[in-house]
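J.: Here you go, one structure.
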Amino acid sequence: MSKTFHELCEELKKNVKSCSVKDVKKMKEDKDDFILVDIREDNEFNAGSIKGSVHIGKGIIERDIHLYVKNHDKKIVLYCGGGFRSVIAADSLQKMGYTNVISMDGGWKGWNNAGGEVV
């Protein structure tokens, strides 16, 4: 049975941790130990990003995550444009053995709507 992009995301959300923009803002304020990863395309990232995030595009995250995260138990928060691609990437990282991967609901759009700090 074939699935649409949104159907796939809804299915994967059942097994992927998620958090809100508000949660990420609090993690940053509390100086929690986590890495914030922007998985959007290069042109999206170059147009602006969340302050303090690193860029690892969705197309290469499985290949390059080890360059940024050595400890498979480290908290990794992923964001994309709206919160869908990050679910797919989180599922993939979990399959690679990363145990604390979180997808930020709302993504870049939600962060901007909440007045989050950007560069």
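J.: Scan (1) assigned to a loop (DSSP other than H, G, I, E, B); (2) within 13 Å of the chain's Cα centre (by Cα) for the single condition K31 breaks and write down its number.
T.: So K31 meets the others, but not (2).
J.: Now for a separate question. Give the residue, chosen from K13, K58, that is of a type in the set (D, E, K, R), modelled with pLDDT under 95, surrounded by 12 or more Cβ atoms within 10 Å (Cβ to Cβ) and in contact with a helix residue (DSSP H, G or I) (Cβ under 6 Å, 6 or more places away or on another chain). Step through it out loud before you land on a result.
T.: Working: K58 fails: modelled with pLDDT under 95.
Of K13, K58, the one residue that is of a type in the set (D, E, K, R), modelled with pLDDT under 95, surrounded by 12 or more Cβ atoms within 10 Å (Cβ to Cβ) and in contact with a helix residue (DSSP H, G or I) (Cβ under 6 Å, 6 or more places away or on another chain) is K13.
J.: A further question follows. Give me the residue from segment 83-105 that is within 10 Å of the chain's Cα centre (by Cα) and of a type in the set (G, A, S) and, out of that set, modelled with the lowest pLDDT.
T.: Filtering first and then ranking leaves G83.
J.: Consider segment 69-97. How many of its residues are assigned to a loop (DSSP other than H, G, I, E, B) and closer than 17 Å to K25 by Cα?
T.: Going residue by residue through segment 69-97, those that are assigned to a loop (DSSP other than H, G, I, E, B) are 69-74, 80-84, 96-97.
Filter once more, so that each one left must be closer than 17 Å to K25 by Cα: 80-83.
So the answer is 4.
J.: Between a residue in segment 92-108 that is among the aromatic types (F, W, Y) and any residue that is in a strand (DSSP E or B) and crowded, with 22+ Cβ neighbours inside 10 Å, which pairs come within a Cβ distance under 8 Å, given they are 6 or more apart or on different chains?
T.: Y98/I76; W108/D38; W108/I50; W108/Y79
J.: Show the residue pairs that are 6+ apart or on different chains and have beta-carbon atoms under 8 Å apart, the first residue being within segment 45-67 and farther than 20 Å from G116 by Cα, the second being among the polar types (S, T, N, Q).
T.: The qualifying pairs are I61/S92; E62/S92.
J.: Here is a further query. Please work out which residue is farthest from I39 (Cα to Cα), limiting yourself to segment 54-68 and to residues that are outside any helix (DSSP H, G or I) and of a type outside the set (A, V, I, L, M).
T.: Applying the filter and picking the extreme gives G59.
J.: Determine which member of the set V21, V69 is modelled with pLDDT of 95 or more and closer than 19 Å to G110 by Cα.
T.: V21
J.: If a residue must be part of a loop (DSSP other than H, G, I, E, B) and surrounded by 16 or more Cβ atoms within 10 Å (Cβ to Cβ), how many such residues does segment 98-119 contain? Give the steps one after another, and end with the answer.
T.: Within segment 98-119, the first condition is being part of a loop (DSSP other than H, G, I, E, B), and the residues that meet it are 98-100, 105-106, 114-117, 119.
With the extra rule that they be surrounded by 16 or more Cβ atoms within 10 Å (Cβ to Cβ), the set shrinks to 98, 100, 105-106, 116.
Within segment 98-119, residues that are part of a loop (DSSP other than H, G, I, E, B) and surrounded by 16 or more Cβ atoms within 10 Å (Cβ to Cβ) number 5.
J.: Also, I was wondering about something else. Kindly provide the set of residues from segment 34-45 that are outside any strand (DSSP E or B), under 12 Å from W108 (Cβ atoms) and out of contact with any helix residue (DSSP H, G or I) (no Cβ under 6 Å at 6 or more places or on another chain), ordered by number. Steps first, answer last, please.
T.: Here is the first cut: in segment 34-45, the ones outside any strand (DSSP E or B) are 39-45.
Filter once more, keeping what is under 12 Å from W108 (Cβ atoms): 39-41, 44-45.
Listed by number, the residues that qualify are R40, E41, E44, F45.
The values are calculated or read from the model by the stated rules, or taken from the named source; none is laboratory data. Treat the numbers as computed from the prediction; the structure is a model and nothing was measured. No Cβ is skipped: glycine too gets one built from the backbone with ideal geometry, and neighbour counts run over all protein chains shown.
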